[in-house]
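Worksheet: one structure, shown below.
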Amino acid sequence: GVVYNVLIDGFAKRGDMGEANRLFEEMLEKGCVPTVFTYNSLLSGFSRKGELGRVQRLFKDMIRQGCVPNIFTFNNLLDGFCKVGDMVEAHRLFLEMRGLGCPPDVVSYNTLIRGMCYKGKPHEAQRLLREMAKSGIGPDVMSYNILIDGYSKYGAVDHAIKLFYEISKSGLQPSAFSYSTIIDCLCRAGKAGAGLVVFKDMVAAGGVPDAAVVIPLLIGLCRNDKLTEACELFHEMMRFQCVPPIPEYNVLMYKLCKAKRSDDVCLVFHELTERGFSPD
RNA sequence: ACACCUUCGAUAUUCU
């Protein structure tokens with residue numbers, strides 16, 4: 001039984017719902033009883049794919065089999081509605097959850113906030129953030145990350161920046177996601193210099209930058225012809241053994257060539273080959 | 001008994 005659960009969850013996470021479903025049927029044939037875990041894994045997979053019909057059918061099956069849904073189940077359903085943009089149903093379920101014995105938790109809120117942002121309504125989403133603080137469910141870093149990304153995609157850079165700094169003020173630690181989101185936001189807005197400042201803050205605070213932090217920054221700096229800074233960043237990356245894909249290095253080297261900074265080009269090239277990367 | 005389930009980020013650019 002557990003083995004099936006683990007396998008089904010694995011395939012569901014990889015998005016292979018055909019195989020997940022096949023295992024589910026095989027499991028039933030063998031007389032294994034699916035648990036709430038089994039259903040939750042399947043619900044999660046179908047939700048992510050936006051297959052709301054299957055989600056609802058599966059949920060009905062689950063109830064019919066006498067399987068008791070838990071908070072994970074409802075959050076999966078919530079995500080299902082949000083993924084297809086049905087915020088009316090999402091809200092309805094959200095309000096019903098308490099009466100069903102599963103009051104909304106931080107994940108429920110985050111899911112709803114994400115749904116609102118996806119609809120292009122970050123301001124309404126922010127109201128939810130305030131509401132959760134009031135109702136005793138502290139927003140977590142993810143709540144902020146989602147909203148920052150929402151504002152970023154909405155083009156409200158100032159709001160995004162403000163929220164980013166609110167993370168620390170509220171006693172939370174910005175995560176790598178927080179940094180990559182705000183840095184990407186700044187770079188897209190043509191403020192790669194400001195992005196670099198945030199990057200340095202991150203490193204100073206002991207954060208370990210990953211590819212999602214560095215790639216937008218490197219591209220942004222190159223685009224703004226801040227090549228000295230881009231080189232600096234490149235060396236920093238090497239220090240962290242951060243390994244973005246080859247095209248990003250090519251851009252940097254190309255820009256350096258154009259600027260006739262052959263010394264820097266050689267430095268970059270040597271560092272790459274020395275560390276065992278093969279520039280193409 | 002334990003374990004398995006839910007929510008967040010980048011790849012706009014180079015060699016033409």
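Tabulated data for the structure shown
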quantity: Distance between modelled label sites at A:Lys119 and A:Glu26, nm, 7 Å Cα→Cβ extension; calculated: 4.1 nm
quantity: Dipole magnitude (debye, nearest 20) for chain A, charges at Cβ of Lys, Arg, Asp, Glu; calculated: 720 debye
quantity: For chain A, built as a Gaussian network whose Cα springs stay under 10 Å, the top-fluctuating residue of A:Tyr151, A:Tyr39, A:Tyr254; calculated: A:Tyr254
quantity: Relative contact order %, the range A:1-88, counting alpha carbon pairs below 8 Å whose residues are six or more apart; calculated: 28 percent
quantity: Chain A: relative contact order in percent, alpha carbon pairs under 8 Å with at least 6 residues between; calculated: 9 percent
quantity: Rel. contact order, % - alpha carbon contacts under 8 angstrom, at least six apart, the range A:181-280; calculated: 22 percent
quantity: Proximal aspartates and glutamates to A:Lys60, defined as alpha-carbon separation beneath 15 angstrom and excluding residues fewer than eight positions away on the same chain; calculated: A:Glu51
quantity: Residues of type aspartates and glutamates that A:Lys134 reaches as a straight line, Cα spacing below 18 Å, ignoring anything fewer than 8 places off in the same chain; calculated: A:Asp105, A:Glu124, A:Glu166
quantity: Per-residue HN-Hα couplings for the range A:185-202 [Karplus 6.51, -1.76, 1.60; θ = phi - 60°; Hz; x = Gly/Pro]; calculated: 4, 5, 5, 5, 7, x, 10, 5, x, 5, x, 5, 4, 4, 4, 5, 4, 4
quantity: J(HN,Hα) series, the range A:12-18, from Karplus relation 6.51 cos²θ - 1.76 cosθ + 1.60, nearest Hz, glycine and proline x; calculated: 4, 5, 7, x, 8, 6, x
quantity: Length added when fully stretched, A:Val208-A:Met238, from 0.36 nm per residue minus Cα-Cα; calculated: 9.6 nm
quantity: Centroid-to-centroid separation of the range A:174-191 and the range A:209-239 [C-alpha atoms, Å]; calculated: 13 Å
quantity: Leading residue at positive end of dipole, the range A:99-141 (Cβ point charges), from A:Ser135, A:Gly101, A:Ala125; calculated: A:Ala125
quantity: Max mean-square fluctuation residue, GNM over chain A, Cα-Cα springs under 10 Å, options A:Asp210, A:Asp16, A:Asp263; calculated: A:Asp263
quantity: Estimated vicinal HN-Hα couplings, Hz - the range A:87-95 in sequence order (Karplus 6.51, -1.76, 1.60; Gly, Pro = x); calculated: 6, 5, 5, 4, 4, 4, 4, 3, 6
quantity: Difference of contour (0.36 nm per residue) and Cα-Cα distance, A:Glu131 to A:Lys162; calculated: 9.3 nm
quantity: Cα-centre dipole for the range A:1-58 with unit charges at Cβ (Lys and Arg positive, Asp and Glu negative), debye to 20; calculated: 200 debye
quantity: Simple spin-label estimate for A:Asp86 and A:Thr228 in nanometres, 7 Å along Cα-Cβ; calculated: 5.8 nm
quantity: Flagged links, alpha-carbon separation over 18 Å, of A:Lys13/A:Lys153; A:Lys119/A:Lys153; A:Lys200/A:Lys226; calculated: A:Lys13/A:Lys153
quantity: Check: the range A:1-148 dipole with +1 on Lys, Arg Cβ and -1 on Asp, Glu Cβ, in debye; calculated: 360 debye
quantity: Dipole-positive endmost among A:Leu196, A:Thr181, A:Ile148 within the range A:126-249 (Cβ charges, Cα centre); calculated: A:Ile148
quantity: Distance-filtered residues of the range A:180-196 - backbone nitrogen under 19 Å, label point 7 angstrom along A:Arg275 Cα→Cβ; calculated: A:180, A:196
quantity: Residue among A:Arg114, A:Arg188, A:Arg14 with the largest mean-square fluctuation in a Gaussian network model of chain A, springs linking Cα atoms under 10 Å; calculated: A:Arg14
quantity: Positive minus negative residues near A:Ile215 (Lys, Arg vs Asp, Glu; Cβ under 12 Å); calculated: -3
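No value in this document is a laboratory result; all are computed from the given coordinates. Just so we're clear, the structure is a prediction, and the values are computed from it rather than from any experiment. Positions of Cβ are generated from backbone atoms using ideal geometry, with glycine treated the same way; all protein chains shown enter the neighbour counts.
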